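Chemist: Please read through the structure below; I'll follow up with questions.
FYI, it's all coordinate maths here, none of it is from the lab. These figures come from a predicted structure and were not determined experimentally. Glycine gets a Cβ as well: all are built from the backbone with ideal geometry, and neighbour counts include every protein chain shown.
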Amino acid sequence: MSSNRYPWLQKEKPQPEQQAPLLLPTKEIPGSYGIPFITPIKDRLDYYYFKGHDKFFQSKIDQYSSTVFRTNMIPGPFMASDPRVIAVLDAKSFPILFDTSKVEKKDVFTGTYMPSTKLTGGHRVCSYLDPSEPSHTKIKQFLFNLLKSRKDYFLPSFRSDYAARIFSSVESQVASNGQANFNDLNNDIAFDFLGKAYFGKSPSDVGASGLQKKVTIWLLLQLAPLASNVLTKLHVPKLVEDFLLHTFALPSFIAKPGYKSMYDYFNTAGSAALDLAEKVGLSRDEACHNLIFATSFNTYGGLRVLFPGLLARLAQSGRELHGRLATEVRQAVASHGENGQVTLGALEQMELAKSVVYEVLRIDPPVEFQYAHAKKDFLLQSHDAQFQVRKGEMLFGYQPFATRDTRVFGANAGEFVPDRFVGPDGAKLLRYVWWSNGPETEEPTVNDKQCAGKNFVVLVARLFVAEFFLSYDSFTAEISGSLVGSQVNITSLTKAKAKAGNFY
C-alpha cells in the first residue's frame, strides 16, 4: 500500500532515533478545544464524515507543525462528558500511554466514553481497570493462568477447529460461487475455535449454536460510538446517522437476551477456567463476566480484524511473496515438523512469516486508539520538543500514525514491507510495535495494561500464515473496506503442488 496515506511522515529526511537532540526546547502544547459543545461536534463531524480519520489528524499536524497538540476526540456531546485530549502521534511521545508511573488507565479503554456496565453484568471488567486497583491483579493473573493451562491445545485446535474448517469452506464457496466471503466465514469459525482452545468445548458442543451473532450485537452496542458510514449505506443522511450513533448510547437491553446466552455458555463450557479464578480470590460470577469480555471483545473482536487484515496485505503483495512464504513454510515443516504438519519447532524456523505478522500488526493495528489520564504533572517529549502536561489531562494516541514514523521506520514507513523485522536489525524495531498496548519486546504483567493474550494472538497469526501456505501456493482476492478493517473476498486458490524448495 502506498505511503501517501500519511504524507506528513515523509516531509523530512528520516533520522535515526539515537540522533534525537539531548536538550529539547520546552513549548506550549499547540491547539485549542474551541467553543464548548459546538467545536466538539464540529470536530466529530470532521472526523467521521467531512475529513475522515487520517485527514482530521493530518490537518492539525499541518496547522500546528507538531505531532503533539490539543484537540477534541469522538464521540463528544452528549455521550462523552469531556472530549478534550492531548494527541500524541509520533513514535517518541506515544509510549507515554504505557507508562503507569505517570498515567492512569482507569475507564479509558474505549476512550472519552465508557459503555454501560449493564453490558458486562454490572462489573467494570479488567480492560477498564487501572493496574493500581486490587481486582486488576486478580483478574489478569486469572487470565494468565488460563492461557498457561491451555497452551498445549492451541496449535492442534487451530489446525482442526479453525484452519481445516475455514479452508474447506473457502474452497467450497470459490468452487460454487466464484468467490468466498472470508470475513463471514472467519466471524463464525473463529469464535468456535476460541471455545475449543480455551475450554475444550465450542458453543455448538453445548447446544449454543449461533452464539456468534449474539456476540456481534453485544460488540456493536459498545462500539457504535466509534463507527460511521454504517447507516449511510442505507441512504440515511450523515447528520441523521451521526445523531443516532454518536449522541446517546444505544440501549443495553437490546443485548440482554443474547448476553444471557453468552453467560450460560461461558459458565458451562468454562467451568474449569472458573475454578482457576476462585484460586486467585475471584468470585465465579465476576470471573465469568471477565472471561466473556476477554474472549469475546478482546480476542474474538481482534481476530475479526487481524485475520482479514493479514489476508488483505498478502493478497495485495502478490505471487512473489506467496512463493517465498510457501517455500519457507514447507522447508520448515519438512525439517522440523511432524508427519507433514506444523509444530512449534517448525514455526520458529519461519522468520519471514513471523515478520509478515509483525508488519501487519504494525501497519494495521487491530486497536487504533489508546487513552490515559495524567496522574501527575510531567514533561512529555516528542522528537523535536517537550511539553508540560498537567495532572488530570487526557492523553490520546492514534497508533497508525505513531507506528509509521519515518524517524524510526525510514522513508518506507507507510508501506507494507514483509521482511521489515527479519534479522538482528529488524528485531531492534520490534520495540516500536505497540498493537498489544505495550512494546512487542516486553511481556505483559499484572502491573501493566499490556494485553494478557499478546503471545496467543501472535501465535495464532503466525499459525494462520503457516497453515495457509502449507496448503496453498497462491491466491487472489478482492479487497474493500468494512465496518472495521478490511473486507476480503477470495476469488481463487492455487492448491499446493510443489515440494519444499521447489515452489518455482
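Chemist: Can you spot the lysines whose alpha carbon is less than 19 Å from Lys55's alpha carbon? Ignore those fewer than 8 places along the same chain.
Modeler: Output for Lys55: Lys11, Lys42, Lys238.
Chemist: Follow-up question, since we're still on this one. Please list, in chain and number order, the residues 5+ apart from Gln487 or on another chain whose amide H is under 5 Å from its amide H, with Hs placed from the backbone.
Modeler: For Gln487, the qualifying residues are Ser480, Gly481, Ser482.
Chemist: Can you list the lysines whose alpha carbon is less than 29 Å from that of Lys279, not counting same-chain residues fewer than 8 positions off?
Modeler: Hits, sequence-local ones excluded: Lys105, Lys106, Lys118, Lys138, Lys140, Lys148, Lys151, Lys196, Lys201, Lys260, Lys449, Lys454.
Chemist: Now a separate question. State the Cα centre-to-centre distance between segment 37-71 and segment 93-160 in whole Å.
Modeler: Answer, in whole Å: 29.
Chemist: Does segment 58-122 come out rounded, prolate or oblate, given a ≥ b ≥ c as the square roots of the eigenvalues of its C-alpha gyration tensor, rounded meaning a/c under 1.5 and, failing that, prolate meaning a/b above b/c?
Modeler: Judged from the Cα gyration tensor, segment 58-122 comes out oblate (a/c at least 1.5, b/c at or above a/b).
Chemist: Radius of gyration and Dmax for segment 193-328's Cα atoms, expressed in Å?
Modeler: 19.1, 53
Chemist: Can you work out ³J(HN,Hα) from phi for every residue in segment 102-113, in order, using Karplus 6.51 cos²θ - 1.76 cosθ + 1.60 and θ = phi - 60°, giving whole Hz and x for Gly and Pro?
Modeler: Result, ordered by residue: 10, 10, 10, 10, 6, 6, 10, 4, 9, x, 7, 10 Hz.
Chemist: Tell me, how many Å apart are the Cα centres for segment 201-243 and for segment 304-318?
Modeler: 22
Chemist: Can I ask one more? Rank by packing, highest mean first: peptides 419-427, 31-39, 76-84, with packing defined as the count of other Cβ atoms within 10 Å averaged across residues.
Modeler: 76-84, 419-427, 31-39
Chemist: Let me ask you something else. Which FRET efficiency, nearest 0.05, do Lys233 and Lys256 yield, Cβ-Cβ r, R0 41 Å?
Modeler: That gives a FRET efficiency of 0.90.
Chemist: Further question: Please name whichever of Ala273, Thr39, Ile29 sits farthest to the positive end of the charge dipole of the chain, dipole taken about the Cα centre and charges placed at Cβ: Lys and Arg +1, Asp and Glu -1.
Modeler: It is Thr39, whose Cα lies furthest towards the positive end.
Chemist: Can you list residues from other chains, or at least 5 along the same chain, whose modelled amide H is less than 5 Å from the amide H of Ala372?
Modeler: So Ala372 has HN proximity to Leu395.
Chemist: Output ³J(HN,Hα) for segment 374-380: one whole-Hz value per residue in order, computed from phi by the Karplus curve 6.51 cos²θ - 1.76 cosθ + 1.60 with θ = phi - 60°, and x for Gly and Pro.
Modeler: Residue by residue, segment 374-380 yields 5, 8, 6, 5, 7, 9, 9 Hz.
Chemist: Amide H neighbours of Gly200 under 5 Å, counting only residues 5+ apart in sequence or on other chains, H built in-plane at 1.01 Å?
Modeler: When sequence neighbours closer than 5 places are left aside, there are no close amide H contacts.
Chemist: Among 131-144, 160-173, what's the highest-first ranking by average C-beta atoms within 10 angstrom per residue? Mind showing how you got there, number by number?
Modeler: Details: 131-144: 19.4, 160-173: 17.3.
The peptides rank, most packed first, as 131-144, 160-173.
Chemist: Tally the DSSP beta bridges in the chain and give the antiparallel ones as a percent, rounded to 5.
Modeler: 80
Chemist: Now a separate question. Tell me which DSSP H helices of the chain clear both cut-offs, 24 Å or more of axial length from alpha-carbon atoms and a mean Kyte-Doolittle hydropathy of at least 0.5. Please report the intermediate quantities before stating the final value.
Modeler: Working: long enough: 134-157 (36 Å, -0.55); 182-199 (25 Å, 0.02); 301-317 (25 Å, 0.79); 319-336 (25 Å, -0.61); 454-471 (26 Å, 1.49).
Within the chain the helices that satisfy the rule are 301-317, 454-471.
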